[in-house]
Every structure is written in C-alpha cells, then in structure tokens.
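One structure below.
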Amino acid sequence: MSSITAGMDPHVRTRLILARHGQTDYNREARLQGQVDIPLNAVGRKQAARLAHAMTEHAPDLIVSSPLARAHDTALEVGKACGIDVTTDDAFLERGFGPWEGLRGEEIRSRWPKEHAAWRDHRAVPGLGIEDRPDVARRVAERCRELVAQNTGATILVVGHGAATTLGITELLGLDTDTFRGIGGLQNCHRSVLEPLLADATGERMRLVSHNLAPDFI
C-alpha cells in the first residue's frame, strides 16, 4: 500500500487546494511566461487580495508556492491574511519553455514554424529546452502526493502556475498527461480542490472536488 493511504483514516478529510497566481503583464499581453520571473501587476495584486479574503473563511494549515515572484507574492497575500508562513518548492515551478519564454504565439510561429506546429499538436519539441508534458506532470504530482501523505487531515494550499498545475491535476487523476486535454486551465487566482481517492488501491490518485473556483468564491 502506498504511503499516502497507509494508516489513513477514511473519516479524516485531507484537502489539497491548487491555486494559480494573480495576473501579470505577460498574461495581459498573451506572452508565454514559463520560468521567467514576472511580477504581479495591479490587477494581479487585487486578485490575490480577493483570494486571501476568501481563504480566511476556511484557512489552510499549510501554504507552499512556486519560488517565482508571481506565485510567491500571491501565496504571501494569503499567508498574511490567514496568519500562516509560506514555504517555496521548485517542484511547483511553471513548465519551462526555453527560448519561447516572453514571446507571443505569432512570434513563436514565425520563428519556429515546425516546432510551433508540433507544440500546438501536443507533440514533444526536442532541442529547444522545452519541458515535456509528462515530466512537468510528474514533478508536480509527486510533490503533491508527498505533501498529502505528510499532512493527513490538513488543508494544503499550493500556489503555482497555469500549465504546471493543470498537468499536475491530470496526473493526480490518473489520466494520460500526453494525450488527455479535458481539464481546462486555471484562470488567474482561481483554484481547484482535490482529495485522496481512498478507493484507489495504488494510493496515487486523487479525486477532483471543485475546479476553477473564482478568487472571491467562499
């Protein structure tokens, strides 16, 4: 039996909340962010404040974020409102997009037409340092599973990024991260809620309770 389910009381609810950071100028300009460290803009700071207010109604026990400023500052806003310290973890970094980071779609398409076509077709793009979907999914999901196993009965908030979080959710649900496209990406400061799937004998899967909740949803 997995360490996630071993000894877990089925009557004790452990919750994993995955939230996306607030808006940045790159979001507003439809630029691919990846692992470029872009700060929140004024809208993003307001979104983070609304998320923080909502989270005080059911405060998490633990807050972990990507080290990138847009996610970390969003998490700090929630932590301040809830009186909880924030730790960072590289496992929750956004998917790396190599030389495409900071560019708009039309710029990528004009400079790398074949590679852009492969990416849009959800195929691997070798040679450019673009992180493969399954690799991103695994690093996010594995760390989530560890946090759940280490914090039975707690509510864990992870603040991360759009692509990485969506892929992590897909992996946690036991779906094929290379082919499944049925989970919509989180909007800025929106969040999803997952719980361990106790009926899963592998102890690897979770169930999606809520998805893409607005920052001011209580």
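The values are calculated or read from the model by the stated rules, or taken from the named source; none is laboratory data. Being a predicted model, the structure only gives us computed values, none of them experimental. We place every Cβ from the backbone using ideal geometry, glycine too, and count neighbours over all the protein chains shown. Each accessible area value is taken on the protein alone, full model and side chains, heavy atoms only, with ligands, DNA and RNA left out. Shrake-Rupley method; radii C 1.70, N 1.55, O 1.52, S 1.80 Å.
State all residues of region 168-200 that are touching a residue at least 24 places away in the same chain (Cβ under 8 Å) and closer than 17 Å to THR14 by Cα; if no residue qualifies, say none.
Result: ILE169, LEU172, LEU173, ARG191, SER192, VAL193, LEU194, GLU195, PRO196, LEU198, ASP200.
Give the number of residues within region 161-206 that are outside any loop (DSSP other than H, G, I, E, B) and open to solvent by 30 Å² or more (accessible area, probe 1.4 Å).
Count: 2.
One line per residue, one yes/no per condition, for (1) surrounded by 16 or more Cβ atoms within 10 Å (Cβ to Cβ); (2) among the hydroxyl-bearing types (Ser, Thr, Tyr); (3) assigned to a helix (DSSP H, G or I):
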| position | (1), (2), (3) |
| --- | --- |
| TYR26 | yes, yes, yes |
| ALA52 | yes, no, yes |
| THR56 | no, yes, yes |
| PRO60 | yes, no, no |
| THR74 | yes, yes, yes |
| THR87 | no, yes, no |
| GLU94 | yes, no, no |
| PRO99 | no, no, yes |
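Give ALA149, ALA164, ALA154 a once-over and let me know the one that is farther than 21 Å from THR14 by Cβ and of a type outside the set (Ser, Thr, Tyr).
Just one listed residue meets the conditions, ALA164.
Could you tell me which of the residues ASP135, ASP121 is acidic (Asp, Glu), over 16 Å from the mean Cα position of the chain (by Cα) and more than 17 Å from TYR26 (Cβ to Cβ)?
Just a single option satisfies the conditions, and that option is ASP121.
Would you check which residues across region 107-160 are open to solvent by 10 Å² or more (accessible area, probe 1.4 Å), assigned to a helix (DSSP H, G or I) and in contact (Cβ under 8 Å) with a residue 12 or more places away in the chain and list them?
GLU115, ARG133, PRO134, ARG138, ARG139, GLU142, ARG143, ARG145, ALA149
Looking only at region 184-212, count every residue that is in contact with a Ser or Thr (Cβ under 7 Å, 6 or more places away or on another chain), among the aliphatic types (A, V, I, L, M) and at pLDDT 95 or above and tell me the total.
Total satisfying the criteria: 3.
Going by what's in this entry, would ILE84 be described as within 30 Å of LEU62 (Cβ to Cβ), β-branched (Val, Ile, Thr) and within 21 Å of the chain's Cα centre (by Cα)?
Answer is yes for this residue.
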